[in-house]
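Read the figures in this text as sums done on the coordinates, not as results from a lab. Note that the coordinates shown come from a computational prediction; the quantities given were computed from them, not determined experimentally. All Cβ positions, even for glycine, are placed from backbone atoms using ideal geometry, and neighbour counts span all protein chains on display.
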Amino acid sequence: MLSVVYTAGLAGIDGYIVTVECNSANTIPGFEIVGLPDASIKESKERIKAAVANSGMLFPSMLLTVNLAPADKKKEGSSYDLAIAVSILSSCGVILPTDLLEKCCFVGELSLSGDIRPVRGVLPMCVAAKTAGKTEIFVPFENAPEAAVVDGVNIYAVKSLRDLIVHLNTDDKIKPEAFDKEKFGEAFLTSSVDFSDVKGQEKAKCALEIAAVGSHNVLLIGPPGSGKSMLAKRLPTIMPELSFDEAIETTKIHSISGILPAGVSLITQRPFRSPHHTMSSVGLSGGGHIPIPGEISLADNGVLFLDELPEFRREALEVLRQPLEDGRVTITRVNGKLTYPCKFMLVCAMNPCKCGYFGSRTRRCTCGPGEIKKYLAKISGPLLDRIDIQVEMPEVRYDELSSRSSGESSAVIRERVRAAREFAKERNDAFGIHSNAQMTSTQIRKCCTLNDGAKKLLKDAFDKMGLSARGYDRIQRVARSVADIDKSEIITEYHMAVAINMRSLDRKYWHS
Ligand SMILES: Nc1ncnc2c1ncn2[C@@H]1O[C@H](COP(=O)(O)OP(=O)(O)OP(=O)(O)O)[C@@H](O)[C@H]1O
Ligand SMILES: [Mg+2]
């Protein structure tokens, strides 16, 4: 007898529906799986046999042929176990209401005992199942919270194969999961850190605020212990909350990477990823035998923080260049290409030299000029070029550190950032871009109207700082964000002066 059931596979961050057909014939017993399965799916035969037997049923003594369609897509992983088991049990008559199966989608790995284990990528799989018209989706118990985000379908959290058979065959039904979309906004911001923890460093704080408004990439340079890492970690607390669509996209990426914490249905806070400097380029950009997203994609809609920037391998840093421009990364594989989104804000921190004290006002640098040059040269020109804001963070003074007055809280700054982004939204929407950092030269000419004072400042800076054409554009982009905070269409000399001040660094260190 032939049975047809449905499950889902993964391609990039999206799922696609997979049809599982099983034919059972009364001849010499056997069990074959076809349809481009990889080794892990072939292994599922043994798991399924044991799981069926340990769920109190006889594994059919027939010739079973299972086909996974579409056959041209490589199927990887263990999430097909459950659907294959259901197709077998249905084809030999153990699962009775076969007409019901048309509306169902089954996802999950089986253990030998018949328990259902969690798998990666349940959220995108459920989205694909819904798109394909499936209304009853069965997922592992642990994955149910993320699956429940998909509305308009019934999501069932299943603990074991036996429970599933009881649900399908009897009136003893599993209750569908519920997700309250209204509660989405309430889940926002429960951070334990705050901008007001950081004393002094007003210029760097201002730089991060401007960066959050325009999604500008930032480089912080300073001696050890000046608060670079501390400040960078607090950046997500001043960025506006994720929209529902952004939250879904980010959750999909974390779901297919298998790092969604247990019980979490949606990622509601902007990610802050801080990979160690020993990270490989594959770890950063994504890939691998069974491809998973890299750190740049896990930071999608959030912050990628590269602490101790010069310590990263050069080739690892170079892979960032294209994704930084495009907001997505393409991974080439033997059988096709995968694309993952990676719209992150890059924040880098570094010491100015090996000993850390070049330019320090309190300690003497022990590096020779050649050593300093060599250290700074680890950051390539093209990468530096993509970082709009570069600020110095000197040591905090004693009076600042011991002061009792705390600076502005993250909530106050976040409100300004939100208002500024709102002000810029209509303009950027018309350009088809998401942030000021993405403005092209033509767009800059259209929307950066400078008053006379600002024009003069920019001309002076151009002459004195020896700016390149690219540097000229970058200062204007940052000035646009500063003006957005002021809700001003015109860029004034004040806005321009702040923007120029955020760029004094590469002249000092890299002479660009
Ligand atoms: N501006 C500051 N306000 C309050 N505490 C600070 C400040 N700067 C540094 N500290 C304290 O010093 C510690 C070290 O700071 P942090 O790790 O941010 O330094 P860093 O600049 O990243 O240094 P390194 O270059 O060595 O990485 C912080 O955990 C904090 O306790
Ligand atoms: Mg640090």
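When the helices of the chain are scored as -39500 (n - 2.57) per DSSP H run of n ≥ 4 and the total is divided over every residue, the value at 222 nm lands at -11000 deg cm²/dmol.
For the chain, would you read off the P(r) tail past 44 Å as a percentage of all alpha carbon pairs? It works out to 29 percent of all Cα pairs.
In the chain, the longest principal axis of the Cα atoms and the axis of helix 202-214 are about 50 degrees apart. The ellipsoid that matches the Cα gyration tensor of the range 413-497 has semi-axes, each √(5λ) in whole angstrom, of 22, 15, 11, with the longest given first. When the inverse distances between all different Cα atoms of the range 366-512 are averaged and flipped, the Kirkwood radius reads 17.3 angstrom. Here the range 220-361 is treated as a sphere whose radius is the Kirkwood value from Cα pairs; by Stokes-Einstein at 25 °C and 0.890 mPa s it diffuses with a coefficient of 153 µm²/s.
Under a model in which nothing but the beta-carbon of Lys, Arg (+1) and Asp, Glu (-1) is charged, the range 2-169 shows a dipole of about 160 debye around its Cα centre.
Protection proxy ranking for 36-43, 108-115, using the average of other Cβ atoms within 10 Å per residue and placing the highest first: 108-115, 36-43.
The angle between the Cα long axis of helix 244-256 and the longest principal axis of the Cα atoms of the chain comes to about 60 degrees, rounded to the nearest 10. Counted by Cβ distance under 15 Å from THR339, the other residues give a net charge of 0, where Lys and Arg count +1 and Asp and Glu count -1.
Taking every Cα-Cα distance in the range 2-169 and sorting them into 5 Å bins starting at zero, the pair-distance distribution P(r) comes out as 2, 10, 20, 25, 23, 14, 5, 1, 0, 0 percent. Counting only DSSP beta bridges with both residues in the range 83-186, tell me the antiparallel percent, nearest 5. Of the beta bridges lying entirely in the range 83-186, close to 25 percent run antiparallel. The range 20-90 and the range 229-282 have Cα centres lying 36 Å from one another. DSSP finds beta bridges in the chain, and of those with both partners inside it, around 50 percent are antiparallel. Quick one: helix 469-485 against the long Cα principal axis of the chain, what's the angle to the nearest 10°, folded into 0 to 90? Rounded to the nearest ten degrees, it is 80. Taking a sphere under 14 Å around the Cβ of GLY15 and counting the other residues whose Cβ falls inside, with K and R at +1 and D and E at -1, yields a net charge of +2. Summing charges over neighbours of LYS103, with a neighbour being any other residue whose Cβ is under 14 Å away from its Cβ, gives -1 when K and R count +1 and D and E count -1.
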